[in-house]
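The values are calculated or read from the model by the stated rules, or taken from the named source; none is laboratory data. These numbers come from a predicted model, not from an experiment. Neighbour counts run over all protein chains shown; Cβ positions are idealised from the backbone, glycine included.
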Amino acid sequence: MAKDKLTRILATDCGSTTTKAILIEYIDGEYRQTIRGEAPTTVEAPLNDVTKGVLNAVNEVEELAQLEYKNPNIKFITDDGILMPRDGEIGVDAYVSTSSAGGGLQMMVTGVVARMTGESAERAALGAGAIVMDLIASNDKRPNYEKIERIRQLRPDMILMAGGVDGGTTKHVAELAELVAAADPKPRLGSSYKLPIIYAGNKDATNIVKETLQDNVDLIITENLRPKLEMENLGPARDKIHDLFMEHVMAQAPGYNKLMSWTKGPINGEVKNIPIMPTPAAVGNIMQKVAKVENIEALGVDIGGATTDVFSVFTEEFVFNRTVSANLGMSYSISNVLASSGLENILRWVPFDINRADLRNMIKNKMIRPTTIPQKLDELVLEQAIAKEALRLAFLQHKEFAVSLKGMQQNRGISDAFDQSVSGGTIVNMMTLDLLVGSGGVLSHAPRRHQSVMMMLDAFLPEGITRLAVDSIFMMPQLGVLAEISEQAATEVFNKDCLIHLGTSIVPVGKGKLGQSALHAKIELPDGSVFEEDIPYGEIKLVPLGPGEEAQATLTPKKGLDLGAGKNHSVSQVITGGVVGTVIDTRGRPFSLPADNQLRISLLKKWMKELKVYPEEILA
């Protein structure tokens, strides 16, 4: 694509409460994010038109651009929408958008075996940006009347039906189709159209499913997402979900038809419509693009008020997984974090003694006043302790879901087909992870970036050598949909403007004794000085290395510890800096805090002082 065809790009993300707009421009040979604006989302009463909020956000971008460039002639909007194509200072070359307004995409999935075709269907739906409301499986032990009642009550936007390998038995797929037909499900939005159902199961059962369902629902047939036991084919099902999201769900939301007519950009030299993408799908898209372009393994998290999304790209095949922990968040779901983790697990991260009733009161207050932020330092410490547990639990759920397909060369009896543990081990390997990205208010807007590093270290427990970053203003959704027309623009802005690079973590794996030598580090710093030190087990060491700086590091783990090259084997590589620096963490993996309360508090204070997490007075 010629550069002069894509020099000014406008991108919006229509969230449930706020519509965010960013301007991306081609300046001095590279794409940069230059101006941003936001406005309340207007998909609900009294305005009932999502484009009003979009125009308000873009109008703010237009006014700020006029001020920034001291040019009143810059114009982006007209009575008919977004001005395209660009003509000098007037208009933009492309306009793209994502959306999670109206509650996002809500789906149910079905499968014959919960931990086989059912799990594959969940992966397809989650990867397409959906919230999976429930999984109905032949072997989920609920009586049929309960399953039928569940389908009726939830009223999803669409249903994804999977089940059976190609050429296998059709009996259970037929039973699932009859269940759905008996429920006669109605869509959440729009009473005038039939509920979309995607069938992506055993191709031999296609005619049975058609006969059972096609008169009452909008049935779409696509390729089997599990054609063989040892093979997943999620792409076609995900594509159909995207298409139906646009045609059915978005089309029912006020103003989206108008917005869809605005989103355009050049593809292969021709201006085409760019479909609006669900916000989570767009975040997953940019994660996948960056992983492939840079040939790295990446893990991202977005912690919100009600949910926590985890995205990962692992293995040489760049396998993408996304999970939604719908009950783990920092405001509306904060009580669920307490219920799921337990009081003791939250308190173990607090570097002072606290009355348990005070912590409970703080959590309840946050739940009933979800938009409040901590006013005192001890409240901030408590909130970040809760965030560590929310992130930890969401990551555990993600690891359980992001698994390989297991046991296909084994002799399998009929009982194995209904075994609930047929999936293989997790493909999430923290030792090979290259980049860990945090997003969401508690991570992106922490008062000190050092606090974000501490939360990510404690929640995700990275191993080996890992780059740490946060999304500065949560522009990953816009970049994800932008990647559909320009990978270069999306990845350049992602690395230069979206990410705030915090630094690099260096973490040897294994257990040792406190005070015993764990790692010999020699780091040749850019100013010509050399950091060289034997670091004891149980320590955190912060080595200054600023944004954009690189240093040659020679790292030798001791006493059976491993940094990725094997126990006691040295690793020599260039490490990159960030706004925090290089963090050497010799606290051990697996990680555990001492049971003794005083020892635990003294260690927490010691680590937080070294990492400059909180002011000295709270750590005295």
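What residue, among those in segment 91-100 that are modelled with pLDDT of 90 or more and in contact with a Leu (Cβ under 9 Å, 6 or more places away or on another chain), is surrounded by the fewest Cβ atoms within 10 Å (Cβ to Cβ)? Among those residues, the one meeting the criterion is Gly91.
The rows are residues; the columns are (1) without any contact (Cβ under 8 Å) to a residue 40 or more places away in the chain; (2) within 13 Å of Gly163 (Cβ to Cβ); (3) of a type in the set (S, T, N, Q); (4) surrounded by 17 or more Cβ atoms within 10 Å (Cβ to Cβ).
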residue: Glu178; (1), (2), (3), (4): yes, yes, no, no
residue: Leu195; (1), (2), (3), (4): yes, no, no, yes
residue: Ala200; (1), (2), (3), (4): no, yes, no, yes
residue: Lys203; (1), (2), (3), (4): yes, yes, no, yes
residue: Asn207; (1), (2), (3), (4): yes, no, yes, no
residue: Lys210; (1), (2), (3), (4): yes, no, no, no
residue: Gln214; (1), (2), (3), (4): yes, no, yes, no
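Scan segment 581-588 and tell me whether some residue there is at pLDDT below 95, closer than 26 Å to Leu443 by Cβ and buried (at least 19 other Cβ atoms within 10 Å of the Cβ). Looking for residues that are at pLDDT below 95, closer than 26 Å to Leu443 by Cβ and buried (at least 19 other Cβ atoms within 10 Å of the Cβ), one finds at least one in segment 581-588, hence yes. Exactly one residue out of Thr78, Thr7, Thr110, Thr19 is touching an Asp or Glu at 6+ places or on another chain (Cβ under 9 Å), more than 18 Å from Ile276 (Cβ to Cβ) and of a type in the set (Val, Ile, Thr): that is Thr7. The set of residues in segment 221-263 that are within 26 Å of Arg86 (Cα to Cα) and under 26 Å from the mean Cα position of the chain (by Cα) comprises Tyr256, Leu259, Met260, Thr263. Of the numbered criteria (1) surrounded by fewer than 18 Cβ atoms within 10 Å (Cβ to Cβ); (2) modelled with pLDDT of 85 or more; (3) more than 28 Å from Ala595 (Cβ to Cβ), the one Glu379 fails is (3).
Residue count for segment 354-376 satisfying the condition of being at pLDDT 85 or above, part of a loop (DSSP other than H, G, I, E, B) and surrounded by 11 or more Cβ atoms within 10 Å (Cβ to Cβ): 2.
Scanning segment 531-561 for residues that are of a type in the set (D, E, K, R), over 14 Å from Ile506 (Cβ atoms) and modelled with pLDDT under 95 yields one hit, Lys559.
Residues satisfying the criterion are present in segment 106-119 (criterion: assigned to a loop (DSSP other than H, G, I, E, B) and either free of Cβ contacts under 8 Å to residues at least 12 places away in the same chain or closer than 30 Å to Lys171 by Cα (or both)). Of the strands (runs of 3 or more DSSP E) lying entirely inside segment 245-333, the ones with 1 or more residues being assigned by TED's automatic domain parsing to the domain that holds Ile82, modelled with pLDDT of 90 or more and crowded, with 17+ Cβ neighbours inside 10 Å are found at 264-267. Residues in segment 48-70 that are in a helix (DSSP H, G or I) and among the hydroxyl-bearing types (Ser, Thr, Tyr): 1 in all.
Against the test of being of a type in the set (A, V, I, L, M, F, W, C), out of contact with any helix residue (DSSP H, G or I) (no Cβ under 7 Å at 6 or more places or on another chain) and without any contact (Cβ under 8 Å) to a residue 60 or more places away in the chain, the options Ala551, Ala521 yield a single qualifying residue, Ala551. Considering only residues of segment 71-90 that are free of Cβ contacts under 8 Å to residues at least 24 places away in the same chain, assigned to a strand (DSSP E or B) and not hydrophobic (A, V, I, L, M, F, W, C), which is surrounded by the most Cβ atoms within 10 Å (Cβ to Cβ)? Once the filter is applied, the top-ranked residue is Lys75.
Please enumerate the residues belonging to segment 224-244 that are surrounded by 15 or more Cβ atoms within 10 Å (Cβ to Cβ) and not in a helix (DSSP H, G or I). Correct list: Asn224, Leu225, Arg226, Pro227, Leu229, Glu232, Asn233, Leu234.
A quick yes/no check of all residues on (1) farther than 21 Å from Phe460 by Cβ; (2) buried (at least 17 other Cβ atoms within 10 Å of the Cβ); (3) in contact with a Cys (Cβ under 8 Å, 6 or more places away or on another chain):
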{"residue": "Asp527", "(1), (2), (3)": "yes, no, no"}
{"residue": "Glu533", "(1), (2), (3)": "yes, no, no"}
{"residue": "Ile540", "(1), (2), (3)": "no, yes, no"}
{"residue": "Gly548", "(1), (2), (3)": "yes, no, no"}
{"residue": "Leu555", "(1), (2), (3)": "no, yes, no"}
{"residue": "Gly578", "(1), (2), (3)": "no, yes, no"}
{"residue": "Phe591", "(1), (2), (3)": "no, no, no"}
{"residue": "Leu599", "(1), (2), (3)": "yes, no, no"}
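Would segment 607-618 turn up any residue that is assigned to a loop (DSSP other than H, G, I, E, B), under 24 Å from Gly510 (Cβ atoms) and in contact with a Pro (Cβ under 7 Å, 6 or more places away or on another chain)? No - not one qualifying residue is present in segment 607-618. For Gly528, the criteria (1) in contact (Cβ under 8 Å) with a residue 40 or more places away in the chain; (2) over 33 Å from the mean Cα position of the chain (by Cα) hold in every case but one, which is (1). Can you tell me which residue within segment 120-141, out of those that are in a strand (DSSP E or B) and in contact (Cβ under 8 Å) with a residue 60 or more places away in the chain, is nearest to Lys258 (Cα to Cα)? The residue in question is Ala130. Between a residue in segment 142-163 that is not assigned by TED's automatic domain parsing to the domain that holds Ile221 and crowded, with 24+ Cβ neighbours inside 10 Å and any residue that is modelled with pLDDT under 90 and part of a loop (DSSP other than H, G, I, E, B), which pairs come within a Cβ distance under 6 Å, given they are 6 or more apart or on different chains? Taking only residues 6 or more apart or on different chains, not a single pair turns up.
All conditions in (1) modelled with pLDDT of 90 or more; (2) assigned to a strand (DSSP E or B) hold for His172, with the sole exception of (2). Considering each residue of segment 48-60 in turn, none proves to be over 29 Å from the mean Cα position of the chain (by Cα), crowded, with 16+ Cβ neighbours inside 10 Å and farther than 14 Å from Glu25 by Cβ. Scanning segment 9-46 for residues that are over 27 Å from the mean Cα position of the chain (by Cα) and surrounded by 16 or more Cβ atoms within 10 Å (Cβ to Cβ) returns a single hit, Tyr26.
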